[in-house]
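Structure first, commentary second.
The values are calculated or read from the model by the stated rules, or taken from the named source; none is laboratory data. All figures in this text were calculated on a predicted structure; none of them were measured in a lab. Using ideal geometry, Cβ is built from the backbone for each residue, glycine included, and neighbour counts are taken over all protein chains shown. The protein model used for the area step is the full one, side chains on, heavy atoms only, and it has no ligands, DNA or RNA in it. Shrake-Rupley method; radii C 1.70, N 1.55, O 1.52, S 1.80 Å.
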Amino acid sequence: MSNAFARSAALSRISPSATIAITQKARDLRAAGRKDILSLSIGEPDFDTPGHVCEAACAAIAAGSTRYPPVSGVPVLKEAVAAKFARDNGLHYAVNQIVVSAGAKQVIANAMIATLNAGDEVLIPAPYWVSYPQLTQLCGATPVFVSTSAADGFLPQPEALDAAITPKTRWLILNSPNNPSGAVLDRASIAALGEVLRRHPHVWILTDDIYEHLIYTDDPYRTLAQVCPDLADRTLTVNGVSKAYAMTGWRVGFAGGPAPLIKAMELVQSQLTGGASSIAQFAAAAALNGPQDFVSESRASFRTRRDKVIDALRAIPGIECATPDGAFYAFPSCTEFLGRSTANGTVLHTDEHFVRELLETAGVAVVHGSAFGSPGQFRVSYAASQDVLDEACRRLQQFCSSLR
Ligand code: PMP
Ligand code: GLU
């Protein structure tokens, strides 16, 4: 028998997170001496975690809250999550309907591991966050994409959803504001999707609301369980502190949903991680319970940057870019440049070639749209300083105009 390393069948169905891979490549290039590299690839706020949140973590350490926490989360955080859902979303979950995990990513993974069987289908509107199809495949299930178009504002259409549902459909994943398109589902669009879902009682709904607070329209934020309360008994409402409170590294996410599902997710978590860091959980409770000025200030700052970046991108001949209503991504098209060559003769056949050459020749890291199921586009994270954004747009313009 060979002693060569072999991956499991489950692992061979997945690939690394493209967003993380490109960010790591930018870091490696910088470490190798390319000090000019500008990274607009990772989706995370560029702010520091608010001071009172950091102090709560220090206080938790000083108080000795450093032992294994309850698997589903420390009571003070679960109560803070229940209060947050009631305050922001009009959703009233009992404590046994809430689970805390090491990031929204783990919440989603737990939900899938707890429910999916080989052959099941998961409906994912495209463009989508990179991890949804990968986690689906890790569980042996099949991602089924519901395409959306720039003309429809990248919003999933009820007819397309209806046509994609089969007896094998287990979940529909909704993500609003969307990563990477920034599209936001308003009350009417959610209600229209709800109409379809009512006709298919076997389909459960996972709403990923992680960008809830980063929304630049005048309408208040809406999530499906709130707009369609009759669907709440098959909806998992996922959220977390990463984006709203600049806490990506703390690794705390949470969800509210039907008690039997939450219990099943807790069982998965008891064997996988035992739960999120106790210290980070006390910090997250302080974020949810404390003053919320940080949230409105960062929203205002992202909005200003969004407006400038969209203007700068649209000023580049050949680039088209819709105005995203939420999150901190611009999602322009690069189709105009495909088939052209760089100054050193490399032909750009795909969006992946486009972003690779942009990184290597102009030192700007962005993520190719095909990683999100939307070839011909690329994602720019504008959660960076205005100086970095200005310089990156200048280099992008120069790069595009150099293509022949
Ligand atoms: N959902 C979406 C749409 C995201 O962009 C991210 C960011 N990585 C996550 C979930 C995961 O967030 P967390 O840091 O809470 O794991
Ligand atoms: N969600 C972020 C992004 O899309 C973080 C990276 C990841 O977890 O994929 O860039």
Please work out if Pro16 is more than 30 Å from Arg303 (Cβ to Cβ), without any contact (Cβ under 8 Å) to a residue 60 or more places away in the chain and either within 16 Å of ligand 2 (Cβ to nearest atom) or in a loop (DSSP other than H, G, I, E, B) (or both). yes
Selected residue (only one of Ser270, Ser278 is open to solvent by 10 Å² or more (accessible area, probe 1.4 Å), over 24 Å from Trp171 (Cα atoms) and out of contact with any Cys (no Cβ under 6 Å at 6 or more places or on another chain)): Ser278
Among the residues of the range 288-299, is any within 18 Å of Leu396 (Cβ to Cβ), surrounded by fewer than 22 Cβ atoms within 10 Å (Cβ to Cβ) and in contact with a strand residue (DSSP E or B) (Cβ under 8 Å, 6 or more places away or on another chain)? no
Leu77 - would you say it is more than 16 Å from ligand 2 (Cβ to nearest atom), modelled with pLDDT of 95 or more and in contact with a strand residue (DSSP E or B) (Cβ under 9 Å, 6 or more places away or on another chain)? yes
The one condition Gln281 fails out of (1) touching a residue at least 12 places away in the same chain (Cβ under 8 Å); (2) under 17 Å from Cys54 (Cβ atoms); (3) out of contact with any strand residue (DSSP E or B) (no Cβ under 8 Å at 6 or more places or on another chain) is (3)
Residues being closer than 12 Å to Leu403 by Cα and of a type outside the set (D, E, K, R) - total across the range 335-360: 13
Check on Gly240, open to solvent by 30 Å² or more (accessible area, probe 1.4 Å) and within 16 Å of ligand 2 (Cβ to nearest atom): no
Filtered residues of the range 177-192 (kept if in a helix (DSSP H, G or I) and in contact with a Leu (Cβ under 6 Å, 6 or more places away or on another chain)): Ser189, Ile190
Looking only at the range 45-74, how many residues end up being open to solvent by 60 Å² or more (accessible area, probe 1.4 Å) and either of a type in the set (Lys, Arg) or in a loop (DSSP other than H, G, I, E, B) (or both)? 8
Examine the range 190-199 for a residue that is among the basic types (Lys, Arg), away from ligand 1 (no atom under 16 Å from the Cβ), in contact with a Lys or Arg (Cβ under 6 Å, 6 or more places away or on another chain) and over 20 Å from Ile108 (Cα atoms), and state whether such a residue exists. no
Can you pull out the residues in the range 361-404 that are more than 15 Å from Leu40 (Cβ to Cβ) and open to solvent by 10 Å² or more (accessible area, probe 1.4 Å)? Thr361, Ser370, Gly373, Ser374, Pro375, Gln398, Ser401, Ser402, Arg404
Return the residue satisfying two criteria in turn: it lies in the range 19-44 and is away from ligand 2 (no atom under 16 Å from the Cβ) and under 23 Å from Ser370 (Cα atoms), and of such residues it is surrounded by the fewest Cβ atoms within 10 Å (Cβ to Cβ). Asp28
Taking only pairs six or more apart or across chains, which ones have beta-carbon atoms under 7 Å, a first residue in the range 101-124 that is assigned to a loop (DSSP other than H, G, I, E, B), and a second residue that is within 12 Å of ligand 2 (Cβ to nearest atom) and among the small types (Gly, Ala, Ser)? Gly103/Gly240; Gly103/Ser242; Gly103/Gly253
